[in-house]
Amino acid sequence: MIRRWMLLLLVAVLTGCGSDSKSESDSDSGGKEKQTAAADPGKKQEKSGNTSDARDSKTPVSESSSNSRVLTEGNLTNSVDARDGDMNKLKSVAVSMHNYEAVRRKFPMASTGDGRVSKDLSWRVLVLPYLEFNDEYNKFDVSQSWDSAKNKPLVDGQAKEAFELGNGNLICAIKHDEQPETIAKIADGTSNTIALMENPAVDAGKWTTPVDIDVKDGVKLVKSLKKGEFLLAALYDGSVCKVYSPEGKNLKDEEIAALFGYRDFIPINRKVFSPSK
């Protein structure tokens with residue numbers, strides 16, 4: 001009898017331990033399930049976040065971003081920060097001009113043997129290989145004019161974007177009766193002479209034509225700027241600057257012209273590089 005009672009007690013103890021073990025196991029299982037359940041939303045949220053990022057990357061530029069460039073009459077801008085990309089593009093063209101000079105021993109603007117600007121095809125075509133547009137350059141016949149049967153269809157080619165700024169203005173050279181052929185010819189100093197400037201008076205679609213800016217027209221363009229407006233320009237040293245309106249600065253025409261002259265020995269008035277107060 002005692003033996004039977006002890007046996008029943010042992011069975012009860014063992015049964016209780018099994019139940020506790022099962023409960024503990026179930027508890028652990030439940031905890032893991034809860035942890036998994038807690039982890040899943042995180043994964044889903046992460047996935048959702050990635051999906052959102054992917055969706056955002058395909059979303060068109062926002063209206064505020066697309067309208068960041070502020071334009072005024074004559075394709076001029078008074079927004080300084082909006083034109084960083086244009087400044088970089090102008091810098092690239094200035095560098096290409098110098099690379100051409102280093103290889104050919106003359107600037108591309110002095111494309112004829114006597115230092116005159118070509119009346120048939122723009123210097124912009126000549127620097128295409130130095131702007132990584134080799135394929136586009138090879139399509140041109142540089143011995144022919146821009147409007148020849150072979151060259152004219154290339155006006156709308158991809159290379160146009162190398163000289164067209166975001167506001168549609170064309171990058172032009174400063175034209176002289178006798179172009180400086182080398183850096184040594186810049187008697188006034190490369191940091192005191194503008195080589196390139198954007199031209200709001202010419203459509204960028206004419207980039208293959210020999211259109212540029214002479215000193216007289218350069219003065220008119222600068223004087224046409226309203227207070228706070230500026231034109232982008234590149235000096236012969238390769239640096240890029242902003243030529244601001246001369247309004248309120250008491251600048252004479254000859255002082256503005258000195259920006260473009262490469263051997264006039266007239267000091268540059270640095271006021272033109274600062275906005276009017």
Two-site FRET efficiency, Ser274 against Lys152, from Cβ-Cβ distance with R₀ of 35 Å, rounded to 0.05: 0.25
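Take the residue pairs Lys175/Lys252; Lys152/Lys223; Lys119/Lys226; Lys106/Lys252; Lys223/Lys277; Lys91/Lys175 and return only those whose Cα atoms are more than 24 Å apart.
Over 24 Å apart, Cα to Cα: Lys152/Lys223; Lys119/Lys226; Lys106/Lys252.
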Amide H contacts under 5 Å for Ala195, placed H, 5+ residues apart: Ala234, Leu235, Tyr236
Sorted by Cβ density within 10 Å, fewest first, the residues Phe265, Phe163: Phe265, Phe163
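FYI, it's all coordinate maths here, none of it is from the lab. Computed from a prediction, not measured in an experiment: that's the story for all the values here. Cβ coordinates were reconstructed from backbone atoms using ideal geometry, including for glycine residues, and neighbour counts include every protein chain displayed.
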